[in-house]
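Report on the structure given below.
All of the numbers you see were taken from the coordinates with simple rules; none came from a lab. Just so it is clear, the structure is predicted and the values come from calculations on it, not from any experiment. Here the Cβ positions follow ideal geometry from the backbone for every residue, glycine too, while neighbour counts run over all protein chains shown.
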Amino acid sequence: MSVREAFGGARKVVTVLFCDVVGSTGMGEALDPESLRRLMERYFEEMKAVVERHGGITEKFIGDAIMATFGIPRAHEDDALRAVRAAAEMRDSLERLNQEFERDWGVAILTRTGLNTGEVITGDVQTGATFVTGDAVNVAARLEESAPPGEILIGEATYRLIRGFATAEPLPPFTVKGRAEPVTAWKLLEVATGARGSTGSLDSPLVGRDREFGKLEEAFRRVVDDQRCEAVTVLGAAGIGKSRITREFVLGLAGHARVVSGRCLPYGEGITFWPIVEVLRDAAGIGELGSLEEARPKLAALLKRGHDSALIGDRLAALLGLSEATPGIQETFWAVRKLFEELAASQPLVVVLDDIHWGETTFLDLVEYLADWLHGVPVMLLCMARPELLETRSAWMSGKPNATLVPLMPLGATETDRLIQNLLGGAPLAEEDRARIGEVAEGNPLFVEETLRMLIDEGMLQRRNGNLSLTADLATLTIPPTIQALLATRIDMLDEAERAVIERASVIGRAFWWGAVSELIPEEQRNRVGTSLQSLISKDLIRPDRSELREEDAFRFAHILVRDAAYRAIPKAGRAELHERFAHWLETKSRDRAGEYEEIVGYHLEQAYRSLAELGPSNERTVALGRRAAQPLASAGRRAFARGDMPAAVNLLSRAASLAPAEDPGRTELLPDLAFALMQTGDFGGMQAVLDDLKRAATAAGDPGLQAHAAILDLWIRLFTQPEGWADEAHREATRAISTFDAQGNERGLAKGWSLLGLFHMMKGRFATAGEAW
């Protein structure tokens with residue numbers, strides 16, 4: 001079973017919608033209770049249908065309020081947009097309902113709506129519960145309460161996900177009940193029905209696609225020169241640039257071809273031929289809200305050349321909802337083919353079909369039919385798809401001489417760097433910062449753009465003295481919300497066995513081993529791990545990797561953000577258990593190379609501890625886990641100290657010290673080495689803080705050895721801050737410390753004491769004596 005099923009829920013990013021009736025008390029006074037109930041039942045029925053039509057779930061009715069969620073049980077990359085579109089349609093539907101209510105009961109309903117996006121914990125999917133909890137729910141409710149009657153307010157996170165698809169008016173920050181900080185919100189004005197519009201100032205010319213662009217141009221030349229149909233499929237992962245290269249190609253066709261377009265939708269009712277409906281509207285100039293009287297003559301004008309025009313028109317009119325006829329599949333195929341022949345009779349026709357990996361089987365059959373049966377006319381079927389298309393349609397366009405596949409691969413490092421510079425409009429950003437952003441994006445143009453957009457939105461990329469600089473550690477950067485939504489969708493589409501593998505693999509890290517995943521999987525499911533790994537490879541979510549452990553096959557996530565998205569879905573209690581179990585597996589597996597892997601073991605125990613600590617309250621298990629995690633980290637830190645790698649020593653020793661209780665003797669023993677390592681890296685402020693901690697512990701314990709360490713470290717600080725009179729005191733304290741350490745057999749203490757004494761002799765010009773001390 002997947003981790004979310006094993007631990008009774010999942011952490012998910014969802015969009016929450018609250019819609020409440022304004023002035024329901026007045027309606028109650030005006031209507032008989034039975035009439036009011038019938039009216040509200042009719043209202044709830046209609047609103048629930050709208051929510052479900054957009055892929056949402058009605059969580060509950062609270063009095064007169066509706067709470068709906070978008071993103072459970074399965075995420076979709078456009079959940080926020082679905083929620084906003086649902087809210088807008090609910091408002092429009094209410095206008096129509098009110099005509100009925102005013103006619104029958106003499107009243108009208110007025111509502112206000114709030115939407116917000118954020119991380120929640122979902123209910124137990126095994127029991128079918130979808131109940132969600134989290135701050136995102138509270139904010140959505142507060143936005144609804146703050147909305148004026150008839151208006152829709154959307155939170156900042158939601159707005160960032162839907163900008164470019166909607167027009168919204170920013171509101172001044174305002175306070176809401178239960179939150180200390182003001183809330184930022186937008187008032188929804190309009191939701192676009194077409195493709196995404198502008199999302200901000202980031203823009204760049206097409207980068208790194210010359211070869212692929214050339215393939216598109218060659219295919220179009222063949223279409224024109226040979227007067228034939230050619231099907232071209234641009235294939236690539238989400239965000240890799242399929243839409244961008246297609247858009248640039250289409251722009252270059254101006255004056256040379258007629259271009260019409262349609263796209264497959266990931267959800268909805270009766271959407272099999274939706275792309276063709278959009279193509280028809282595009283070709284005929286029929287708006288979505290156009291009247292039947294306007295649409296019919298426009299459709300007829302497309303078909304004025306052929307002797308079968310009336311018959312073709314009837315079949316196509318049915319697709320547009322202009323006719324009650326229900327033509328068969330083959331009749332529809334024939335009518336679409338005849339339409340394309342008609343459109344291509346006067347000039348080359350390019351039909352752009354986007355997101356065909358979401359296409360219904362019948363629609364894909366239609367596209368292949370067109371590729372086979374369109375003859376003697378210049379038609380280019382330009383399809384865009386993700387690799388998932390080949391999972392459901394492995395023989396897509398197979399064996400067709402007039403079919404071309406244009407795969408898009410990640411950009412190289414040089415191309416990614418050029419893209420970053422273009423997107424920033426030439427604003428200077430240090431090369432190392434550009435490289436760090438490029439490492440996060442790993443050649444995916446959308447990931448580059450959205451990472452930059454998030455850095456700018458959150459003030460992590462700032463202009464200083466005319467230059468841009470990063471103010472954030474990208475290693476701790478969260479996934480941009482647009483990318484999180486996209487990747488969460490891919491993971492949610494996996495079957496249970498595949499999710500079980502990818503979630504447990506995400507706990508191990510970017511690279512992982514087959515045996516480790518099997519160890520974390522319930523025993524009764526381990527025989528399916530190999531099949532699931534192979535399936536995840538075919539879906540380009542993971543890739544084979546070189547193994548550093550004998551007799552263990554290794555794999556690697558195709559992109560670090562895929563790993564992060566899978567990991568974020570796991571409840572923290574589940575993370576803790578799996579990190580601890582993996583640490584045990586690795587300890588057992590690497591027993592003969594314990595020193596090599598103890599830092600990794602320590603990291604996983606540390607993550608287990610921190611996951612539990614964040615859930616609180618602390619208990620014996622949490623404390624014991626912290627102590628256990630500190631041991632391998634401390635050992636790795638001391639080895640780094642011994643080889644002179646002071647930055648690594650600071651990192652490891654400070655983490656170890658933060659895991660154990662303040663009074664723990666093992667923690668106190670770390671402090672001298674940590675303070676000395678901080679001094680070596682020039683962090684005297686950090687060194688002083690650790691020294692103060694050490695002095696308190698030494699006094700409390702009455703330990704001469706710890707007191708000697710504190711005295712020596714105090715002298716090192718004074719050497720750099722108050723050197724007057726330092727030498728004589730250094731000689732006295734070093735001699736005393738050496739005596740204490742010698743009596744205790746403390747070799748590390750002796751090394752520090754003799755080092756200080758040697759420095760004293762060197763400052764006195766006694767170099768031979770100093771050499772003997774060192």
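For segment 210-407, the calculated P(r) over all alpha carbon pairs, in 5 Å bins from 0 to the bin holding the longest distance, is 1, 7, 16, 21, 22, 16, 10, 5, 1, 0 percent. Tally the DSSP beta bridges in the chain and give the antiparallel ones as a percent, rounded to 5. Approximately 60 percent, going by the DSSP bridge assignments.
Provide the convex hull volume over Cα atoms per residue for the chain, in Å³. Walk me through the intermediate numbers first.
Working: hull volume 174.7 nm³, N = 774.
Considering the Cα atoms of the chain, their hull volume per residue is 226 Å³.
Protection proxy ranking, highest mean first, for peptides 90-99, 244-253: 244-253, 90-99, where packing is the per-residue count of other beta-carbon atoms within 10 Å, averaged.
At 4 °C and a viscosity of 1.567 mPa s, what translational diffusion coefficient does Stokes-Einstein give for segment 3-191, taking Rh as the Kirkwood radius over Cα pairs? Give it in µm²/s as a whole number.
Values: Rh = 17.0 Å.
Once the numbers are plugged in, D ends up at 76 µm²/s.
Taking the fewest neighbouring Cβ atoms within 10 Å as the starting point, the ordered list for HIS307, HIS54, HIS731 is HIS307, HIS731, HIS54.
Suppose every K and R has +1 on its Cβ and every D and E has -1 on its Cβ; what is the size of the dipole of the chain about the Cα centre, in Debye to the nearest 20? Write down the numbers at each step before the final one.
Details: 88 positive and 113 negative charges, 258 e Å.
The dipole of the chain has a size of about 1240 debye.
Remark: segment 596-646 is approximated by an ellipsoid whose semi-axes, taken from the C-alpha gyration tensor as √(5λ), come to 25, 9, 8 Å, largest first. The angle between the Cα long axis of helix 274-284 and the longest principal axis of the Cα atoms of the chain comes to about 60 degrees, rounded to the nearest 10. Histogrammed with a bin width of 10 Å, the alpha carbon distances of segment 1-105 distribute as 14, 40, 27, 14, 5, 1 percent, first bin at zero.
If you count, for each residue, the other Cβ atoms within 10 Å and average over each peptide, how do 175-186, 514-525 line up from highest to lowest? Write out the running numbers ahead of the final one.
Values: 175-186: 13.8, 514-525: 17.2.
Result, highest mean first: 514-525, 175-186.
Partners of LYS589 within straight-line reach, counting aspartates and glutamates whose Cα lies under 14 Å from its Cα and excluding those fewer than 8 residues away in the same chain: GLU519, GLU548, GLU551, GLU552, ASP553, GLU598.
Across segment 448-497, counting alpha-carbon atoms alone, Rg and Dmax equal 14.8, 53 Å. Each principal axis of the Cα cloud of segment 315-468 was taken in turn, and the coordinate range along them, longest first, works out to 67, 37, 33 Å.
Expressed in nm to one decimal, what extension gain is obtained for the pair ARG696 and PHE131 from 0.36 nm per residue of sequence separation less their Cα-Cα distance?
Values: separation 565, 0.36 × 565 = 203.40 nm, distance 4.89 nm.
My answer for the length gained is 198.5 nm.
Using the 10 angstrom Cβ neighbour count as an exposure proxy, how do TYR609, TYR159 rank, fewest first? With the sparsest Cβ surroundings first, the list reads TYR159, TYR609. Projecting the Cα atoms of VAL448, ILE491, ASN746 onto the dipole axis of the chain, where Lys and Arg carry +1 and Asp and Glu carry -1 at the beta carbon, places ASN746 farthest toward the positive end.
Separation of segment 340-379 and segment 474-511, taken as the distance between their Cα centroids, equals 36 angstrom.
Computed from the Cβ-Cβ distance with R0 of 45 Å, the FRET efficiency linking SER547 to ALA751 stands at 0.70.
Do any of LYS48/LYS177; LYS12/LYS48; LYS12/LYS539; LYS304/LYS338; LYS215/LYS338; LYS12/LYS572 go past 20 Å between their Cα atoms, and which? Intermediate results must be reported in sequence, preceding the final value.
On the way: LYS48/LYS177 28 Å; LYS12/LYS48 22 Å; LYS12/LYS539 22 Å; LYS304/LYS338 12 Å; LYS215/LYS338 27 Å; LYS12/LYS572 12 Å.
Distance filter (> 20 Å) returns LYS48/LYS177; LYS12/LYS48; LYS12/LYS539; LYS215/LYS338.
Taking one quarter of the surface of the C-alpha convex hull of segment 298-403 gives a mean projected area of 7.2 nm². Over segment 413-477, the pair-distance histogram of Cα-Cα distances with 5 Å bins from zero comes to 4, 19, 35, 29, 12, 2, 0 percent, rounded to whole numbers.
For segment 430-559, take the convex hull of the Cα atoms, compute a quarter of its surface area, and give me that in nm², please. Please list the in-between numbers first.
Working: hull surface 37.0 nm².
Taking a quarter of the hull surface, the average projection is 9.2 nm².
Shown for THR113, THR735: other C-beta atoms within 10 Å of each C-beta, ranked fewest to most, produce the order THR735, THR113.
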